Every structure is written in C-alpha cells, then in structure tokens.
Amino acid sequence: MTEPRDPDGASPLAPSPAPLRDILASAGISADKRFGQHFLLDLNICRKIVRLAGIVEGQAVIEVGPGPGGLTRALLEAGARVAVVERDPRFIALLENLALSAGGRLTVIEGDALDIDELAVLRGLGTDSGGHIVSNLPYNVGTPLLVKWLTGDFQPLSMTLMFQKEVALRIVASAGQAEYGRLAVLAQTVCEARSVMDLPARAFTPPPKVASAVVRLIPLEHRPPRDLVEALQHVARAAFGQRRKMLRSSVRFLGGEQLCIAAGIDPDARAETISVAGFMALAEAWVAPRN
Ligand code: SAM
C-alpha cells in the first residue's frame, strides 16, 4: 500500500500523533455517527488548515465541533483566542483539560452550534472587533451552519471550513458547472469563496465514505444589504427549483419575463447559466417595484 501523502503532495503524512489517539482511547470515546464524527488526529494537517486560515496571534476564533481537539490545539499554537462549541458531552472534560493549559485563551461551550449566538460568544472572548471561524464541520449540519453565517447577524471576518468535497464544489462552483446552484449563488454574493485544500477520506478517523475539502470564504468589501440577500435567495430558490426550465417559466410567480427584462437577463436562459451578478440583478429588479 502506498503511504498517504500530505495534501499538497510534498511529503508523506506524519503518523497520527499518539496523544490524541491515546486521549480518545483512555477516555473510552469512539466516533458517534449521529454527530458526523470523523476526527483529524494528525496535528500536521491541523496546523496546515490553521496556516491556510491565516490565523495569527491574538485573533478571536470560533471553532464548531472540536471533538478531541486537534484543530483546537493548532489554533492555540498559532496564538489565537478560541471559543469551541461542541454538542457531544463526552468531549467536554477533555476540552476543559486543554483549556487549563491554554492560559485563559480557550473557552469551552457545550451546545448545538445552530443555536448559539456567535456575537455573545465573541464578547465572551473579549472582542468587539469580530472573529474568524475555523472548523472541520460535522457533515450533517455543515450546510445549515454555513447559511447561518452567510445570512445572520454575525458576519465572520473569515471562514475556513472543511466540508465533504461534493459540498465544497457546490460552494465554489461557477455558472455553467454541474455543481452550480443556490449555495454557490448565496456564498459568492457575500463572500469570495475558494477551495484551498483537498483531503482524502483516509486522513480522518474513522474515514468517511467520501473525500473532503477545505473552503476559505472572505466577506466581500461591498456586501449587499441584507434585504437584497434575502430577495436573492428567494429568486435563486425559484430559479433552481426548476433548473431545467427557462427563467420566464421558473420565476413566473416573481414576474417572469418582465422581471428578466427589467434585470437585463434573457428570459429564455436557464438558472444554471446565470452568473452570480445576474442573480443579483434579478433580485434588485424584484425588490425595485416593491420599494
Ligand atoms: N474538529 C474535530 C476534528 O477535526 O478532529 C472533530 C470534527 S468532526 C467532523 C465534527 C464534530 O462536530 C464532532 O466533534 C461532533 O460531535 C461535533 N458536532 C456535531 N454536530 C454539532 C452541532 N450541531 N454543534 C456543535 N458541534 C457539533
């Protein structure tokens, strides 16, 4: 069998560090599928993700789903102040142990990341100047969490997130690509989105069925106002709900041909060929007569 390689292909993966494996074994913890648990036990990979995230000393970071804490350790090594949100209570004592050696830079929160108020979490870290998200996301809630961060009150300074490869492709896809759809349109309306690292399934313990990829999202300097983002989601839902139909038909209830003409979009075009800017034009045209 060939040795697994570092994602950039430069060197063989370091063997999984004994401490994380041992910590899991001595706590009697095995992965629980209900929580989408696939652990990164190789600290070199965790460090690489933190480097790709550009995290430097003093920055505030929220990490969802720290599990045994590999990525958390790498974030702490980089000098970040970190708040972790973990739903599985079996990890809390382990994480609190890690917090004891983190000199006050690690806050452990037990709960569901879908329900947490990130702004309150950041205030707890002592910052009003925003925070970053770095996370190996649980597969089952990865997309709803991303949508929450793209559309909610809390606007992260950056997001560096591990997804299933197929979801990563749906986030970064361009018009005309098979994976292009509502998620790409929403993500690229508010952020610049790039896939920055691929990871094979064998990099995780236990290995998932599919490969993974890290996506980095940086908010655009001129982010559209929230009501326009909501309108865009509405238009994209209608258009991609019937992606094989022409827009004149798929967005019929939002104005159909008239709406397309007002937006400068060909009514005979299909959703999958309309660029993110085109969807923004459709959203603007839809909102305009109502203002
Ligand atoms: N960060 C760890 C790593 O890389 O080894 C674990 C990643 S594992 C893919 C996902 C983690 O998210 C698990 O620890 C799981 O218990 C946790 N999790 C699952 N659903 C969650 C939720 N709704 N809120 C917070 N954590 C959750």
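The values are calculated or read from the model by the stated rules, or taken from the named source; none is laboratory data. All figures in this text were calculated on a predicted structure; none of them were measured in a lab. Every residue, glycine as well, gets a Cβ built from its backbone with ideal geometry; the counts of neighbours run over all protein chains shown.
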Q) Looking at Asp112, Asp128, which is the one that is surrounded by fewer than 15 Cβ atoms within 10 Å (Cβ to Cβ), within 10 Å of the ligand (Cβ to nearest atom) and on the phi < 0 side of the Ramachandran plot? A) Asp112
Q: Tally the residues that are assigned to a loop (DSSP other than H, G, I, E, B) and over 19 Å from the mean Cα position of the chain (by Cα), restricting the search to the range 105-121.
A: 1
**Q.** Extreme residue, surrounded by the fewest Cβ atoms within 10 Å (Cβ to Cβ), among residues of the range 272-286 that are in contact (Cβ under 8 Å) with a residue 40 or more places away in the chain and among the small types (Gly, Ala, Ser)
**A.** Ser275
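In this structure, is Gln258 under 32 Å from the mean Cα position of the chain (by Cα) and surrounded by fewer than 16 Cβ atoms within 10 Å (Cβ to Cβ)?
Values: under 32 Å from the mean Cα position of the chain (by Cα): no; surrounded by fewer than 16 Cβ atoms within 10 Å (Cβ to Cβ): yes.
Taking the combined requirement at face value, the residue does not satisfy it.
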Q: Looking only at the range 185-202, decide whether some residue is within 16 Å of the ligand (Cβ to nearest atom) and either part of a loop (DSSP other than H, G, I, E, B) or hydroxyl-bearing (Ser, Thr, Tyr) (or both).
A: yes
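Tell me whether the range 82-104 contains one or more residues that are assigned to a loop (DSSP other than H, G, I, E, B) and in contact with a strand residue (DSSP E or B) (Cβ under 6 Å, 6 or more places away or on another chain). Before the answer, list the steps.
Applying the first criterion (assigned to a loop (DSSP other than H, G, I, E, B)) to the range 82-104 yields 87-88, 101-104.
After this cut, where a residue has to be in contact with a strand residue (DSSP E or B) (Cβ under 6 Å, 6 or more places away or on another chain) as well, the list is none.
The answer is no, given that none of the residues of the range 82-104 is assigned to a loop (DSSP other than H, G, I, E, B) and in contact with a strand residue (DSSP E or B) (Cβ under 6 Å, 6 or more places away or on another chain).
Tally time: how many residues in the range 46-72 are more than 10 Å from the ligand (Cβ to nearest atom) and either touching a strand residue (DSSP E or B) at 6+ places or on another chain (Cβ under 9 Å) or under 20 Å from Leu94 (Cβ atoms) (or both)?
Of the residues in the range 46-72, the ones more than 10 Å from the ligand (Cβ to nearest atom) are 47-48, 50-62.
Within this subset, residues satisfying the condition of being either touching a strand residue (DSSP E or B) at 6+ places or on another chain (Cβ under 9 Å) or under 20 Å from Leu94 (Cβ atoms) (or both) are 47-48, 50, 52-55, 58-62.
Of the residues in that region, 12 qualify.
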Q. So Ala239 clears everything in (1) buried (at least 20 other Cβ atoms within 10 Å of the Cβ); (2) closer than 30 Å to Leu40 by Cα except one condition, right? Which one?
A. (2)
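Applying the selection to the range 150-184, what residues are in a helix (DSSP H, G or I), closer than 16 Å to Arg194 by Cβ and not small (Gly, Ala, Ser)?
Leu150, Lys165, Val167, Leu169, Arg170, Ile171, Val172, Leu183
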Q.
Filter the range 87-101 down to the residues that are of a type outside the set (Gly, Ala, Ser), surrounded by fewer than 19 Cβ atoms within 10 Å (Cβ to Cβ) and without any contact (Cβ under 8 Å) to a residue 40 or more places away in the chain and list them by number.
A. Pro89, Ile92, Glu96, Asn97, Leu100
(Q) Just the residues that are at pLDDT below 95 and within 16 Å of the ligand (Cβ to nearest atom), please, taken from the range 142-184. (A) Gly152, Phe154
Q: Determine if the range 128-135 includes at least one residue that is in contact (Cβ under 8 Å) with a residue 24 or more places away in the chain, over 13 Å from the mean Cα position of the chain (by Cα) and farther than 19 Å from Ser158 by Cα.
A: no
Q) Under the condition of being within 14 Å of Leu52 (Cα to Cα) and basic (Lys, Arg), which residue from the range 189-235 is surrounded by the fewest Cβ atoms within 10 Å (Cβ to Cβ)? A) Arg194
